[in-house]
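Take a look at the structure set out below.
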Amino acid sequence: MDQRQTLELKLSQKLILTPQLQQSIKLLQLPILELSQNITQELTENPFLEEVVERESDDNRDSLEEDIPQGQMDDTEAPLERIFGFTTDDYFEERGSDGRDLGYFDESGDEKNLQAPFERKIKKTSLYEHLLWQLRLSNVSRDVGRAAEVIINNLNDDGYLEATIHEIAETARVDPETAEEALRVIQDLDPPGVGARSLQECLLLQLRPLNLQGTLVERILTEAFKELEEKKYKQIANKFNVPLEEVLQAVHIIEGLEPRPGRNYSDEEVLHIVPDVYITESDGKFVITLNDEWIPRIRLSNYYKKLLANKDKLSPEERRFLEEKMRSAIWLLKSLDQRNRTIYRVTESILKFQEDFFRYGIEHLKPLNLRDVAEDLGMHESTISRVTSNKYLQCPQGLFSFRFFFSNTLSSGKGNISSTIVKNYIKELISKEDPTRPLNDNEIVELLRKHSIKVARRTVAKYREEMKIPSHTKRKKWV
């Protein structure tokens, strides 16, 4: 075998994402609340960034400027020119030149003194705390109490037990009988139904405080739970040889039980949707406004810029540190500015394609995909995908996700139509149906044809499932 060492020259293309580009991409796809948290973190880590709190007056400047010789104050921007070849004023002088407020920072120091809604929060008692408090008031043995605490730690947010008796006994170092006793203790606590291992057991546990044990309600839950799920009430009546009216009365009681007993004690914070963009109509024209109410207004620190310009008072290590932080701050400001411009342009393009929707409503929503907007703006489709991900738009029609305006095309007698409109038709038809005789998918297909919309039954079923609408058998109401 011939083994030799050779030198080869190869030419190849590679896409390398610099840290600055990675930061721009990250900021572009962040929703407004996460962006606010990201900027707040940068404020704590980078001394070159400062949050604008109030307008500074000429008589109340930073007192630290007095420590810098007067001759060196004119050299404030020298580090920026030396590192980047331009100053911050050069880069941002065109910002807002077209009348649009695109920034999340304000060099003038002006800030709106607005208090964010939902700022004041009240901490709710968690299910764990609620059960543990009751357990400590219970008169149980040490082993049962230890096993009961293990059970509480293995309940999910809905209050269901996600561990087996064997696992509980092994973790608590007790025998299975003690673990079973501990489970009975937990299941006797408030809220009723907690500690169940299935929906059926959860509903049965709630019959104890209602004194419904031994009734038809318990028999249905115990012996006809499958028929109950499928709403086969006539079969249940025949199975127990009772009138249908009695079955319906029992079902009415079951419907009043709580299938998720732990949800009222959830300590999770409610996330309120904050729109990233507002579209308003004024004098027949639409106005786009970026929402910066939740975003900290940031700018470069004048003190640190002047400190970096003072060459005599810094060691080489300190100067390198400050230059690195200044470079990071500049790139953050550039990335935020680019993010704003991109979101604004994408919103403009969506407004251009869907202007009839913003004027007349959902019936005029047009089919649109990411490629259409990308070609309109001369951007890559992946960029449009990042911009429209997890972002919301407030307009006269309501609050919508950016992705709402993108939908597939379906053919109809009136030409191409958006799949969103078809879903809206299906939802409207089901909302107006007779609850005692709900529409099946075939009947919905026939009704859609009266609107000149031709779709297959499986398409209707697919759209119905996407909207989380159950089948007609599960929607049926018995009077």
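Here is a check on your reading of the model: is Ser418 surrounded by fewer than 16 Cβ atoms within 10 Å (Cβ to Cβ) and either small (Gly, Ala, Ser) or more than 26 Å from the chain's Cα centre (by Cα) (or both)?
No: the conditions fail for Ser418.
Summed over the range 449-479, the residues that are modelled with pLDDT under 85, closer than 24 Å to Ser418 by Cβ and surrounded by 16 or more Cβ atoms within 10 Å (Cβ to Cβ) give a count of 2. Take Tyr265 and tell me if it is among the hydroxyl-bearing types (Ser, Thr, Tyr), in contact with a Ser or Thr (Cβ under 8 Å, 6 or more places away or on another chain) and touching a residue at least 24 places away in the same chain (Cβ under 8 Å). Against the criterion (among the hydroxyl-bearing types (Ser, Thr, Tyr), in contact with a Ser or Thr (Cβ under 8 Å, 6 or more places away or on another chain) and touching a residue at least 24 places away in the same chain (Cβ under 8 Å)), Tyr265 qualifies.
Going by what's in this entry, would Glu230 be described as at pLDDT below 90, within 39 Å of the chain's Cα centre (by Cα) and in the same structural domain as Ile165 (by TED's automatic domain parsing)? Considered against the rule, which asks whether it is at pLDDT below 90, within 39 Å of the chain's Cα centre (by Cα) and in the same structural domain as Ile165 (by TED's automatic domain parsing), Glu230 comes out as yes. When the range 286-307 is filtered for residues that are over 16 Å from Ile32 (Cβ atoms) and either among the polar types (S, T, N, Q) or at pLDDT 90 or above (or both), the ones remaining, listed by number, are Phe286, Val287, Ser301, Asn302. Checked against (1) loosely packed, with under 13 Cβ neighbours inside 10 Å; (2) closer than 30 Å to Arg339 by Cα, Cys395 passes all but condition (1). Just wondering, is there one or more residues in the range 279-290 that are assigned to a helix (DSSP H, G or I) and surrounded by 16 or more Cβ atoms within 10 Å (Cβ to Cβ)? There is no residue in the range 279-290 that is assigned to a helix (DSSP H, G or I) and surrounded by 16 or more Cβ atoms within 10 Å (Cβ to Cβ). Checking each residue in the range 352-374 for being surrounded by fewer than 19 Cβ atoms within 10 Å (Cβ to Cβ) and within 22 Å of Asp337 (Cα to Cα) picks out only Ala374. Using the structure shown, decide if Ser349 is part of a helix (DSSP H, G or I), out of contact with any Lys or Arg (no Cβ under 9 Å at 6 or more places or on another chain) and at pLDDT below 90. No: the conditions fail for Ser349.
Of all the criteria given as (1) touching a residue at least 40 places away in the same chain (Cβ under 8 Å); (2) among the β-branched types (Val, Ile, Thr); (3) under 24 Å from Ala456 (Cβ atoms), the one not satisfied by Val445 is (1).
A single entry from Ile330, Ile343 fulfils the requirement of being within 37 Å of the chain's Cα centre (by Cα), at pLDDT 90 or above and assigned to a helix (DSSP H, G or I): Ile343. Scanning the range 340-351 for residues that are touching a residue at least 60 places away in the same chain (Cβ under 8 Å), basic (Lys, Arg) and buried (at least 16 other Cβ atoms within 10 Å of the Cβ) yields a total of 0. Glu201 meets the conditions (1) of a type outside the set (S, T, N, Q); (2) surrounded by 14 or more Cβ atoms within 10 Å (Cβ to Cβ); (3) in contact (Cβ under 8 Å) with a residue 12 or more places away in the chain in every case but one. The failed one is (3). Of the residues Val251, Val217, Val242, the single one that is over 22 Å from Ser141 (Cβ atoms) and crowded, with 20+ Cβ neighbours inside 10 Å is Val217.
When the range 243-262 is filtered for residues that are among the charged types (D, E, K, R) and either closer than 24 Å to Asp158 by Cβ or outside the structural domain of Ser198 (by TED's automatic domain parsing) (or both), the ones remaining, listed by number, are Glu255, Glu258, Arg260. Counting only residues that are out of contact with any helix residue (DSSP H, G or I) (no Cβ under 6 Å at 6 or more places or on another chain), polar (S, T, N, Q) and free of Cβ contacts under 8 Å to residues at least 60 places away in the same chain, give me the strands (runs of 3 or more DSSP E) lying completely in the range 369-426 with at least 2 of them. Of the strands (runs of 3 or more DSSP E) lying wholly inside the range 369-426, those with at least 2 residues that are out of contact with any helix residue (DSSP H, G or I) (no Cβ under 6 Å at 6 or more places or on another chain), polar (S, T, N, Q) and free of Cβ contacts under 8 Å to residues at least 60 places away in the same chain span 409-412, 415-418. Could you go through the range 296-303 and let me know if any residue there is within 24 Å of Phe48 (Cβ to Cβ) and assigned to a helix (DSSP H, G or I). Within the range 296-303, one or more residues are within 24 Å of Phe48 (Cβ to Cβ) and assigned to a helix (DSSP H, G or I). Checked against the criterion of being within 30 Å of Pro31 (Cα to Cα) and not β-branched (Val, Ile, Thr), the candidates Leu290, Leu199 yield just one match: Leu290.
Candidates Glu177, Glu223, Glu167: the one that is surrounded by fewer than 18 Cβ atoms within 10 Å (Cβ to Cβ), farther than 30 Å from Leu248 by Cβ and either at pLDDT 95 or above or over 35 Å from the mean Cα position of the chain (by Cα) (or both) is Glu177.
Scoring Lys239 on the criteria (1) among the basic types (Lys, Arg); (2) assigned to a helix (DSSP H, G or I); (3) touching an Asp or Glu at 6+ places or on another chain (Cβ under 6 Å) leaves a single failure, condition (3).
The values are calculated or read from the model by the stated rules, or taken from the named source; none is laboratory data. Just so we're clear, the structure is a prediction, and the values are computed from it rather than from any experiment. So basically every Cβ, Gly included, is an ideal-geometry build from the backbone, and we count neighbours across all protein chains shown.
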